[in-house]
Every structure is written in C-alpha cells, then in structure tokens.
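The block underneath contains the structure these notes are about, expressed in structure tokens.
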Amino acid sequence: MARGPERGRGPALAAPAPKRSAPTSKRAAPASAPKRSTSTSAPKRLTPASAPKRLTPASAPKRSAPTPAAVPSSRAPGAPPAKVRIIGGDWKRTPLSVVDAPGLRPTPDRVRETLFNWLGQRLDDWRCLDLYAGTGALGLEAASRGASRVVLVERDARAATALRAAKERLDAESVEVVQTDAATYLSTTRDRFDLVFLDPPFGGAELERVLPRLAAVLAPGAAVYVEADRPLAPDAPPLSAVPGLVAHRADKAGQVHYHLLLLTPPAPGA
C-alpha cells in the first residue's frame, strides 16, 4: 500500500509537496496530508473477475480436430471406402454406396480419372459391359460420359440391390443390372460390346475363367480394361486367351496394376 511522504525525501506522488506551516499556524490537518491509499486508489488485488482466467475447455485453445483421413477407423486395413463418387460427365460428384461384400474393391478415383483420360473422356454411343460391377463405379462412370448402353453384372445380392437403387436414383435408362456371375453372363449373352471392364477380386482365378469366353462378346476394335494384382502381358496367360489383344496403356496405383488393351483386326489371310 502507498505510504505518506517521508522526511528528507520527495513525495511519492508527482503532486507538489505541502508547504511547511508557519510557527503560529496549526500543523497540517490530517485531511491535507496524503491519505493512505484506499481500496479505490490502491492497486486492486486480482479478483476472479479481473484476474487472468484459467483456461477452461471453452476458452482454452482447442485441439485441432483430426481430419477425416486421420480419424481412427474400425475398418480393416485395406478395406474399401464407405463411398465412392462419379468423377465426370452428367452425374459428376454423385456418391455411390459401397456395400460390405466379399472381395469388393472399388476402382479408386485417381485410377478412373487416368483410365477415362486414356479413353478420351466421352464415350458417346459406346456399348459397355462391367463384369464385376460392385459399386458400379466403372459402369456408371461410362454411362455418365455418354455410353448408349451399360450392362452391370454383379453376383452379390446386396451389391446388385445397391446398383438398382443407384440406377433408379439417377434415372439411368441406358443402364441394365444383371445379378449373375461373369462367366455365366458371357456364356449366355449374344450381345457385343465396345468396352469391357474386368476388375475381379484379387487372389482368385477369375481372369483365367472369364477371358476364354470374352472374345465372343467383343465388337471389332473393342477396348478391354483389366485390373490385377500383378502386371499382365497380352502375349502371356491369362490375356493370351483373347486373340488379337494388344497393350495400349498400363500403370500401377498402390497394389493395383491396371491395363487398357485394344482388339486388333486379324491379319489378312489369318
């Protein structure tokens, strides 16, 4: 607390010091002496209102919320995402549900973007066949980009139901959903297609089962897209089961090797 001025020293405050009284005058009244600081002039003690507040959960700097990619997930490592989306064409950015089906592995957005760059973006009037449709990410992407007909083949009942729901939601008249397995469909159809998507579950022998039946449904000059867990060559099994296929483009994303092949016409006299 502030003290009154001491003898021999200047006043503690900057105001002029009181004059010394004449011998006949009375001593300065206590009222004229510098008063002890009262609670209004003395520095206040820090009260809960004036003191710096403790950081509470509301006023403390919040921890940065984890981004969706950093949130711990209950999904097994390598499990497919909960949703994928159509990345181009009339239905761009439309989300597609991913059901929990064995072996389901949707083609990632980046891979589809590369593939449709290879194909030229638009597929107007193309007839397309997606033999392992799953989420429909490939076949519905083709329909979004102008394909005149898209057949989605899917053997899992839950995935086929989701595909029908997506077809109805998009009012996709050019899309047909067939619930069966790929080999059975190829053995029964008489249709021809300009583009066939083959991205079977890894670790099995699906390509070996399906490719020998594929030539019968390919239109002249058709394109075939294949995903595998290893690089494939047209002149070696299993691709050599389709005469006339030549490699056009190939790339890799993570553990997925993806290939675009073209059907060439037979040589004259062959």
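The values are calculated or read from the model by the stated rules, or taken from the named source; none is laboratory data. Quick caveat, the model's predicted, so the values are computed rather than measured. Glycine also receives a Cβ, built like all others from the backbone with ideal geometry; neighbour counts cover every protein chain displayed. To get the accessible areas, we keep the full protein, side chains included, count just its heavy atoms, and leave off ligands, DNA and RNA. Shrake-Rupley method; radii C 1.70, N 1.55, O 1.52, S 1.80 Å.
Some points to look at:
- Sparsely packed GluC sites (Glu not before Pro) within segment 132-182, loop by DSSP, other Cβ within 10 Å at most 15: Glu173
- When the solvent-accessible area of segment 160-236 is split by element, carbon and sulfur atoms take up 49 percent of it, the probe being 1.4 Å.
- The spread of Cα positions in segment 182-231, taken along each principal axis and listed from longest to shortest, comes to 29, 22, 13 Å.
- Between Arg249 and Phe202, full extension at 0.36 nm per residue minus the direct alpha carbon distance yields a gain of 14.9 nm.
- With every protein chain in place, segment 84-137: carbon and sulfur % of accessible area (1.4 Å): 44 percent
- Contour excess over end-to-end distance, with Cα ends at Ala219 and Thr189 and 0.36 nm allotted per residue: 9.5 nm
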